[in-house]
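S.K.: Below are the structure tokens for one structure; questions will follow.
Any read-out appearing in this document is the output of simple, stated calculations on the displayed coordinates, not a laboratory observation. Computed from a prediction, not measured in an experiment: that's the story for all the values here. A quick note on method: Cβ atoms are made from the backbone with ideal geometry, for glycine too, and the neighbour counts reach across all protein chains shown.
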Amino acid sequence: MRIILMGPPGAGKGTQAKVIANHFGIPAISTGDIFRANVAGETPLGVEAKRYMDAGEYVPDEVTNAMVRDRLAEDDAKPGFLLDGYPRTLAQVTELDGMLAATDVSLDAVVVLTADQDELVSRLLQRAHTEGRADDTEDVIRRRQEVYTEETAPLIEVYGERGLVTEVDGMGEIDAVTHRVFDALENRAG
């Protein structure tokens, strides 16, 4: 199974990615986790990524593309993968298309978690408080929502034209959302 999991920041992608990936026995590949690890380790990439992350902006494509290409080339991703947080732009869609074509594989589904924006802001502020995430201020959260709408939402249209998109309500209890995701993927497999 090769899946992209999309949705605005705070929609529960990270939580759902782990459960879905575990269910299918594939790695959940999160650019957010990779960036946070580099920031925590104060690597050169982490220092550069932190500048963008603190401003609520995305890390430049060339850095992100290189990391994803390397990760997809690892052995555990050969039978399948779940991408969480990539692609985020139309240019990254083109880049991912090239990566997949080079290994003669294709995507099975693009799952889009939908959610109310004000609820997401509330969720992320709560997470910032409980997890001590300094990058999750209300201004940064709202800016991330704007960037998502401007840059990432158009990808849903592109993947929709390819017949890959399945929208799932991301609101509610974690288990309920997980069941909706699995039901949607089973309906796609038909």
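S.K.: If you look at just the Cα atoms of the chain, how large are its Rg and its Dmax in Å?
M.R.: 15.9, 46
S.K.: What are the semi-axes of the equivalent ellipsoid for the range 1-86, taken as the square roots of 5 times the Cα gyration tensor eigenvalues, largest first, in whole Å? Kindly include the intermediate steps, with their values, before the conclusion.
M.R.: Values: eigenvalues 102, 46, 22 Å².
Taking √(5λ) for each Cα gyration eigenvalue gives 23, 15, 10 Å.
S.K.: Let me have the relative contact order for the range 7-116, percent, based on Cα pairs under 8 Å that are six or more residues apart.
M.R.: Normalised by residue count, the contact order of the range 7-116 is 38 percent.
S.K.: Using just the helices of the chain, give the 222 nm mean residue ellipticity in deg cm²/dmol: DSSP H runs with n ≥ 4 each add -39,500 (n - 2.57), and the total is spread over all residues, rounded to 500.
M.R.: -17500 deg cm²/dmol
S.K.: Using 19 Å as the cut-off for backbone N distance, which residues of the range 166-180 belong to the label zone defined by a point 7 Å from the Cα of His129 along Cα→Cβ?
M.R.: Taking a point 7 Å out along Cα→Cβ of His129, the residues of the range 166-180 whose backbone N falls under 19 Å are 172.
S.K.: Let me have the relative contact order for the chain, percent, based on Cα pairs under 8 Å that are six or more residues apart.
M.R.: Computed over the chain, the figure is 33 percent.
S.K.: Using the alpha-carbon centroid of each, what span in Å lies between the range 172-190 and the range 138-153?
M.R.: 26 Å
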